[in-house]
Amino acid sequence: MRPRVLVCSPIPVVRVGSAWHTLDLWAHDINAQADVADITLRCAAVDTTSDALAPLAPGIALVTEDDDLASVIPQTDFIQIPGNAGWLTSRPYLPIVQWAKRFGKPVFLGISSNRARTYTMNAKGKSLFARTKALLQFVDIRMTQLFLASRCAGVFVVGEGLRKLVWPVARDVHVGVASWVDADDIAPPRADHDRPLRVCMAGRLEPMKGFHIGIDAFALAGQERFASLTIIGRGAEQDALARQAEQGQLADFAILPPVGYPTAFFHFLDNQDIVLMTNLNDEQPRLIFDAISRGCIPLCPDTPPYRALGLDTRILYEQGSAASLADRLRSLADPALRRQVGHVIAAKATTYTVHTMHRARLDWMAEIAARR
């Protein structure tokens, strides 16, 4: 029998024609979870539209009013609530926790990023007001996470770097991965080549993402070895990154707007060779599995969330060091090394898929529920 899961989300849905749509990245995740469980989604319904929308799977039931939860919760096996925000955003989930306790249903808190630390990292070097605001946001999120974690049956986090966020209040912690790659998304091995390499980065353009380190590393590695450096993303740092690239005299550099996920983004990766993972926080972005699944080689910080994946050490570099990243990037100009590294990491794409991620999490929830 498939588990019945109530998923609470701050991401709204919008009616488009006869179907509900939501943010394409979120739709990809929740639709995959619906392949392995019966999903009821609790979220707001809005009238605004966006270009980055995708339909929800037809089998997903939708609850947009809290009054309906009194009948939904007794029919649910597990309840998931998000744990990435502060008190005001998280407060609507408190009645759900209370109702779940009344009906004897386990609630699980999900934390996918260290959002609190991101605020303080992005505020470095800014005004006193901005730094103070970031510190208050940090405290707000961290206190809310600990409060909710202490009242949930368990907490699931993305990557080993986030485990510490709920220590010591969480009863049980499941460390998962962030992979939105399906088995059908994995591309066949690429043919060998000895041409200049195409290098890319992707994500929100903010200081915490470390794109400035990637640009410095690309310049240090020697442009003659590479065909281009492309960034996919938008954000407050866009102009500063463009100026940095101009000052570094990068010959073939571009910042492109975000593209749809997964099809358009995978097509972009199919035309790249190396993906620079420059995140300065302690998270494990899904981009690493996107890259591996499409035949790219990711260069990753040598930090717990990446080491725990069992990656080839030749693609790990000292976090925050442009010189260390440049050294790794320069070494991949050797086709023989690229073949060796590519062969070793290719298996990770099939090991960590969006469906194995959700099944492992559901198995963990079922184990805790059985103990209760």
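The values are calculated or read from the model by the stated rules, or taken from the named source; none is laboratory data. Values in this document were obtained by computation on a predicted structure and should not be read as measured data. As a convention, Cβ positions derive from the backbone with ideal geometry for all residues, glycine included, and neighbour counts pool all protein chains shown. We work out accessible area using only protein heavy atoms, side chains counted, and drop any ligands, DNA or RNA first. Shrake-Rupley method; radii C 1.70, N 1.55, O 1.52, S 1.80 Å.
Observations, loosely collected:
- Acute angle (nearest 10 degrees) that the helix 211-221 long axis makes with the longest principal axis of the chain, alpha-carbon atoms: 30 degrees
- Once the C-beta distance of Ser18 and Asp194 is scaled by a Förster radius of 45 Å, the resulting FRET efficiency is 0.30 to the nearest 0.05.
- More than 30 angstrom apart: percent of Cα pairs within the chain: 41 percent
- Largest to smallest accessible area among Asp363, Asp77, Asp68 [probe 1.4 Å]: Asp363, Asp68, Asp77
- Cβ-derived FRET efficiency at R0 22 Å, His267 paired with Gln340, nearest 0.05: 0.25
- Computing Rg and the Kirkwood Rh from the Cα coordinates of segment 232-372 gives a ratio, Rg/Rh, of 1.02.
- Degrees between helix 335-351 axis and first principal axis of the chain (Cα, 0 to 90, nearest 10): 10 degrees
- Cα-based shape type of segment 239-314, given that a ≥ b ≥ c are square roots of the gyration tensor eigenvalues and the cut on a/c is 1.5: oblate
- Taking all Cα-Cα distances within segment 77-141, those exceeding 20 Å account for 41%.
- Long-range tail of P(r) for segment 215-263 (Cα pairs > 16 Å, %): 41 percent
- Rolling a 1.4 Å probe over the heavy atoms of the protein chains gives the chain an accessible area of 46 Å² per residue.
- The per residue volume of the convex hull around the alpha-carbon atoms of segment 54-93 is 121 Å³.
- With all protein chains in place and a 1.4 Å probe, the accessible surface of the chain carries 54 percent carbon and sulfur.
- Between Leu128, Leu197, Leu25, the Gaussian network model of the chain with springs among Cα atoms under 10 angstrom shows the greatest mean-square fluctuation at Leu128.
- Fraction of antiparallel bridges per DSSP, the chain only, in percent to nearest 5: 10 percent
- Rounded to the nearest 10 degrees, the inclination of helix 322-331 to the longest alpha-carbon principal axis of the chain is 70 degrees.
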